[in-house]
Amino acid sequence: EHGAAVARVERCVALSDLVKASDEDLAWLYPGEEPHTVAARWLGLGPALVLVTRGATGSFALGREHLVEAGALPVAVADTVGAGDSFMSAVLDALAGRGRDALGTLGAEDLDGLLRRASAAAAVTVSRAGSWPPDRDELEAALREEALRSGRAR
C-alpha cells in the first residue's frame, strides 16, 4: 500500500543524517510534488543533508544553510544500472573521516564539490555496460576532464 510505504520512508528519513533519493523515487512517493519541496520537507524531519539525483538533468544538495545544484556530466549513456549506487558511493567516500557532525557544517563550495565528484562517478558508470563504478584513477580523470571542459581547471 502506497500510504504505508510513504510512512515507512519518512520514518527512515527521520532517523537518518544523510538521505539520497532520485527524482523518480520522489515522483512515485509524492506524485505531482516538486523534488525541492519534498527535499525541504525531508530536511525538516531531521537529516542534515538531502541529496536528489535527476538523471541527465543533474542533482541537488539541500542542507540547513544551502541549496546547491549541479549539472550532470555530458556522457554517451550505455547503461544506467548502478548510477545511483556510484553517486552515493562517491559521496560517502568524500565524506569519510569527517564525522557525522560535519554534515551540518558543509558550505556551498563543499556541497558543489561533493555533487561534482558524485556526478563524475555516476557518469563513468553509465558510460559502460554493466554496473561498473570507476576506480579512483578513473574518477580523478573524469573530474580533471570536467574541470577542463567547464573552465575550472587549475
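Any read-out appearing in this document is the output of simple, stated calculations on the displayed coordinates, not a laboratory observation. For clarity, every value in this text was computed on a predicted model and none was experimentally measured. All Cβ positions, even for glycine, are placed from backbone atoms using ideal geometry, and neighbour counts span all protein chains on display.
When DSSP beta bridges are restricted to pairs lying wholly in the chain, around 65% turn out antiparallel. For segment 2-150, a Kirkwood radius taken over Cα pairs fed into Stokes-Einstein (25 °C, viscosity 0.890 mPa s) yields D = 156 µm²/s. Charging the Cβ of each Asp and Glu at -1 and of each Lys and Arg at +1, and nothing else, the dipole of the chain about its Cα centre rounds to 220 debye. Largest GNM mean-square fluctuation among 133, 74, 47, using the chain with Cα springs under 10 Å: 74. Comparing 137, 23, 110 in a Gaussian network model of the chain where C-alpha atoms under 10 Å apart are linked, the largest mean-square fluctuation is found at 137. Spin-label model, residue 100/residue 81: points 7 Å from Cα along the beta carbon direction are separated by 3.3 nm. Given R0 = 30 Å, the distance between the Cβ atoms of residue 148 and residue 25 translates into a calculated FRET efficiency of 0.35.
Over the chain, dividing the summed -39,500 (n - 2.57) contributions of all DSSP H runs of at least 4 residues by the number of residues returns a 222 nm mean residue ellipticity of -16000 deg cm²/dmol.
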